[in-house]
Amino acid sequence: MDRVRDSSASVAGEAVELVRVCRAEYRAIGRLTERLRPTRQSIRTLQTQFPHLPPSTLLSIFSQEYQKRMKRSMVRHHAPDVVKEYYQRYRSEAKTRPAAPLLLELANQVDLSPALLARLIVECFLEERQASVAASRHVLNNMLREPYLIPDLLLAKHVEQCTVNDCCYGPLVDCIKHAIGLEHEDLLRDKLRERNLSFLDENQLRSKGYDKTPDIILEVPIAVDGHIVHWIESKASFGDDHSHHTYLNEQFWSYCNRFGPGLVIYWYGFISELDCQRDRGILLRDGFPSDIVTLCQGPARSRV
């Protein structure tokens, strides 16, 4: 593993440890996640097995691997007869053990995300109350975000337990991920301003009529590791094979075609072997470069 520390790359005033993980170690982490559930205890288990990796990196890896696992099994869990069985099991248990964390237990038994199971159960509950008329997505999403809107206090409590205890799915996780993404974009802008680099961010580019843009376009390009950089994309996640190749096809190659070569920052690290497209215009880093060259400096270097 190629490990990098950069105490200057901080979020909310705390130092962030930045890492790259070789593919062999990533696969070892993936094998362990196959046996884990989306709980805080699972993250602690990963920390015990891989103590040299930051918890934030392990959480990002686990979340991505767990989501792949859920996608593989989604068809089975969404079969009408299976959904009906889950709902009947929950209603039966709710009559005899109302104080128990019933949905969390059921999710663990059937190996389904608690938040996803809660969604299925609430859908069934609403269909039952509305004489089989499917609830609108808006109503369903509101109840999952704010369980007190569910007109069954016991079900509301169990749904809230699922939302709070699921570290990979659900409205709480979505809000946290969105906030972390914005926080790292702010961090990137702060780093650029510290170096007096002129740039346009995504909002400014949209106002100019661009429809698909990276987070940052540098008005004057820089050089990193001998490679010219015209744009920078911030990803508040770990860069694994699946996500990186998806981003390549849906974002990065189009950025290269329109704006020239650029830099992608995976703030929680990436599989080191993925940094293989430098000659084609895509450079990967796990933090803001501490050593850059600007046109106005010539050979001089700007350091953190």
Among the lysines, which have Cα under 18 Å from the Cα of K191 when same-chain residues fewer than 8 positions away are ignored? K235
DSSP-defined beta bridges in the chain - what % are antiparallel, rounded to 5: 60 percent
Give the long-range amide H neighbours of I222: residues separated by 5 or more places, or on another chain, with amide H under 5 Å away, using H modelled in the peptide plane at 1.01 Å from N. V229
Quick one: Karplus J couplings for region 88-96, per residue in order, coefficients 6.51, -1.76, 1.60, θ = phi - 60°, nearest Hz, x for Gly and Pro? 5, 5, 5, 5, 5, 5, 4, 6, 9
In the chain the accessible area split gives carbon plus sulfur, as whole percent at 1.4 Å, a share of 51 percent
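Under 12 Å from the Cβ of N257, count the other residues' Cβ atoms, weight Lys and Arg +1, Asp and Glu -1, and hand me the total.
Computed value for this residue: +3.
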Kindly provide the helix-only [θ] at 222 nm of the chain, computed as the sum of -39,500 (n - 2.57) over DSSP H runs of four or more divided by all residues, to the nearest 500 deg cm²/dmol? -15500 deg cm²/dmol
Burial order of peptide ranges 40-49, 55-64, 107-116 (average beta-carbon count within 10 Å, highest first): 55-64, 107-116, 40-49
Please give me, ordered by residue number, the trypsin sites (Lys or Arg not before Pro) of region 241-301 that lie in loop per DSSP and have at most 10 other Cβ atoms within 10 Å. none
Trypsin sites (Lys or Arg not before Pro) in region 193-244 lying in a DSSP loop, each with at most 10 other Cβ atoms within 10 Å of its Cβ, come to K208
Between helix 171-194 and the chain, what is the angle of the helix's C-alpha long axis to the longest principal axis, kept within 0 to 90° and rounded to the nearest 10? 10 degrees
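The values are calculated or read from the model by the stated rules, or taken from the named source; none is laboratory data. Bear in mind that the values here come from a model prediction, so they are computed numbers and not experimental data. All Cβ positions, glycine included, derive from the backbone under ideal geometry; neighbour counts span all protein chains shown. To get the accessible areas, we keep the full protein, side chains included, count just its heavy atoms, and leave off ligands, DNA and RNA. Shrake-Rupley method; radii C 1.70, N 1.55, O 1.52, S 1.80 Å.
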